[in-house]
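Reviewing the structure listed below.
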Amino acid sequence: MTSEENRRRKEDTHVKYLKGSICDKDKGKPFVFVSYKSEDWNVALHKIVYSLVKDYGLNVYFDGCFDTHNSMWLEQFKENMESGCCKGVLAFLDDEYATSYTTVLELMYSQTLNSSELNTGIDGGLPVVLIMLKGLTEVSGEGAGEDTGLGGRFYPDGTKNINAGAEKKLFDETFDELVGREILSNVKYRYKKERLSKVKCSKITEELVE
């Protein structure tokens, strides 16, 4: 996401309204966790989530810190998803979402026992509503092998990622749990907790969606 686009998101009146209405674990009210790629904010937040909150009174949680890199996001998303208040996930999917380890980690984690047992009392994962912004396409060509950055010490802009090790650890632990519970089976032969390419990340997303 460019700095100009991030500025537009910060200044958008609908997004400002949503930020003032964020319902997190500390509010003690049931809410839906919104998972989206930053680049899709205009459709996800400005159009759809804004209407759900303003017109229908839905309580939602999303990462309201629009800094380039939020060092707290890892713990924040886990704590809120695990809280007894989180009742489901609203995920806005497209190829960008499917090839980002951060959003795919959120989607995977929503199906772990840590999330589902505390919230719904079942072991099938949190309910997920998928909004298909675009149909998922086959990742191929030169971009297929591009690294998603999982476990990388630095972001593409050169900023140090202080959570790199913790992100990789949680991603791998979550992946292992879902493989062990046979939620993920086909991709267990593709991702072996090494470098996570975009094509492997996309395959994980496809199997989760199925």
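Given a cut-off of 24 Å, name the pairs among 134/160; 87/198; 29/203; 168/188; 37/169 whose C-alpha atoms lie farther apart than that in the structure shown. With Cα atoms farther than 24 Å apart: 134/160; 87/198; 29/203. Summed over qualifying helices (DSSP H, 4 residues or more, each -39500 (n - 2.57)) and divided by its residue number, the chain shows a 222 nm mean residue ellipticity of -10500 deg cm²/dmol.
For the chain, what is the accessible area per residue in Å² when the probe is 1.4 Å? Walk me through the intermediate numbers first.
Working: 10520 Å² over 210 residues.
Computed with neighbouring chains in place, this is 50 Å² per residue.
Distance between the pseudo-spin-label points of residue 147 and residue 55 (7 Å out from Cα toward the beta carbon): 4.4 nm.
Between residue 176 and residue 71, full extension at 0.36 nm per residue minus the direct alpha carbon distance yields a gain of 35.4 nm.
Could you give the nm distance between label points at residue 29 and residue 183, where each point is 7 Å from its Cα heading toward the beta carbon? A separation of 2.8 nm, rounded to one decimal place. Spacing of the modelled spin labels on residue 140 and residue 166, each 7 Å from Cα toward Cβ, amounts to 4.0 nm. Applying 1/(1 + (r/R0)^6) with R0 = 35 Å to the Cβ-Cβ distance of residue 47 and residue 194 gives a FRET efficiency near 0.35. Length gained on full extension, residue 209 to residue 159: 14.8 nm, using 0.36 nm per residue less the C-alpha separation.
For the chain, with all protein chains present and a 1.4 Å probe, just round the carbon and sulfur fraction of the accessible area to a whole percent.
Numbers: 5110 of 10520 Å².
C and S fraction of accessible area: 49 percent.
The values are calculated or read from the model by the stated rules, or taken from the named source; none is laboratory data. Predicted model, so just to flag it, every value in this text is computed and none were measured. Cβ: placed from backbone, ideal geometry, glycine included. Neighbour counts: every protein chain shown. Heads up: the accessible areas ignore ligands, DNA and RNA and are worked out on the full protein's heavy atoms, side chains in. Shrake-Rupley method; radii C 1.70, N 1.55, O 1.52, S 1.80 Å.
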